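These notes are about the structure you will find just below.
The values are calculated or read from the model by the stated rules, or taken from the named source; none is laboratory data. Note that the structure is a prediction, hence the values are computed from the model and not measured. Note that we place each Cβ from the backbone using ideal geometry, even for glycine, and neighbour counts take in every protein chain shown.
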Amino acid sequence: MRISGKSFDVTIGSSLVHVDAMSASIEDNRSTVKDGGVPNGYVDGDVGCSGELELDWDNFQLMLEEARRAGSWRGMDTFDIVVYANTGKTEAKVELFDCLLKISDLLDIDPNGGEKSKVKLPFDVTGRDFVHIGGLPYLRPEEIEDLN
């Protein structure tokens with residue numbers, strides 16, 4: 001069996017959450033250097049990672065409880081997000097550190113029904129550990145060694 005979207009478990013902080021959809025994209029701004037119009041190596045640039053969780057209202061309640069404990073949505077601490085799948089043959093694990101959750105699409109009501117009501121939670125990765133893929137950090141150790 002191969003890994004599909006149905007294979008993944010998503011943990012946000014300490015809560016196992018069922019997501020209807022999730023994305024995470026890394027922005028890596030390393031760039032090619034050219035001399036006389038000819039490629040001649042590269043330079044490092046900044047990095048970033050952002051994504052979005054789409055939850056139905058039952059699973060959104062878990063995030064609502066976190067916000068309630070913090071006193072407000074903006075008062076919530078950042079969360080680590082761990083995405084894991086294992087088919088017995090193939091394993092996938094992505095860790096996103098210190099994610100800052102926001103709310104974008106709080107309501108999208110279709111009076112005709114036919115679909116679950118969903119909430120979209122965009123996030124930005126804010127942690128110095130950034131992203132680990134299969135246990136391997138995306139960043140080189142020297143890139144984060146002097147960060148507090």
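List of remarks:
- Number of residues in segment 18-51 that are within 18 Å of VAL125 (Cβ to Cβ) and out of contact with any Asp or Glu (no Cβ under 9 Å at 6 or more places or on another chain): the value is 2.
- In segment 33-83, the residues that are touching a Phe, Trp or Tyr at 6+ places or on another chain (Cβ under 7 Å) and small (Gly, Ala, Ser): SER50, GLY51, ALA67
- Within segment 47-59, the set of residues being modelled with pLDDT under 95 and either surrounded by fewer than 16 Cβ atoms within 10 Å (Cβ to Cβ) or over 18 Å from the mean Cα position of the chain (by Cα) (or both) comprises ASP56, TRP57, ASP58.
- Flag for VAL125 being among the aliphatic types (A, V, I, L, M), at pLDDT 95 or above, within 11 Å of the chain's Cα centre (by Cα) and surrounded by 15 or more Cβ atoms within 10 Å (Cβ to Cβ): yes
- Restricting segment 65-85 to residues that are aliphatic (A, V, I, L, M) and over 16 Å from PHE123 (Cα atoms), the residue that is surrounded by the fewest Cβ atoms within 10 Å (Cβ to Cβ): ALA70
- Listed by first and then second residue, the pairs linking a residue in segment 23-42 that is more than 30 Å from ILE81 (Cα to Cα) to a residue that is in a loop (DSSP other than H, G, I, E, B), with Cβ atoms under 9 Å apart and 6 or more places separating them unless they lie on different chains, are TYR42/ARG30.
- Close contacts from segment 101-124, counting a first residue that is closer than 20 Å to LEU62 by Cα and a second that is hydroxyl-bearing (Ser, Thr, Tyr) and not in a loop (DSSP other than H, G, I, E, B), with Cβ to Cβ under 6 Å and a gap of 6+ residues or different chains, come to ASP124/SER50.
- Remark: LEU62 falls outside the filter, which requires a residue to be touching a residue at least 60 places away in the same chain (Cβ under 8 Å) and either surrounded by 14 or more Cβ atoms within 10 Å (Cβ to Cβ) or under 17 Å from the mean Cα position of the chain (by Cα) (or both).
- Filtering segment 9-34 to residues that are more than 16 Å from GLU95 (Cβ to Cβ) and either modelled with pLDDT under 95 or not in a strand (DSSP E or B) (or both) leaves HIS18, ASP20, ALA21, ASN29, ARG30.
- Elements of type strands (runs of 3 or more DSSP E) contained in segment 86-148, each with 2 or more residues being in contact with a Gly (Cβ under 6 Å, 6 or more places away or on another chain) and closer than 29 Å to SER72 by Cα: 91-101
- Positions within segment 65-100 being closer than 30 Å to ARG2 by Cα, among the aliphatic types (A, V, I, L, M) and within 11 Å of the chain's Cα centre (by Cα), in sequence order: ILE81, VAL82, VAL83, VAL94, LEU96
- Conditions (1) surrounded by 12 or more Cβ atoms within 10 Å (Cβ to Cβ); (2) in a strand (DSSP E or B); number of the one not met by TYR42: (1)
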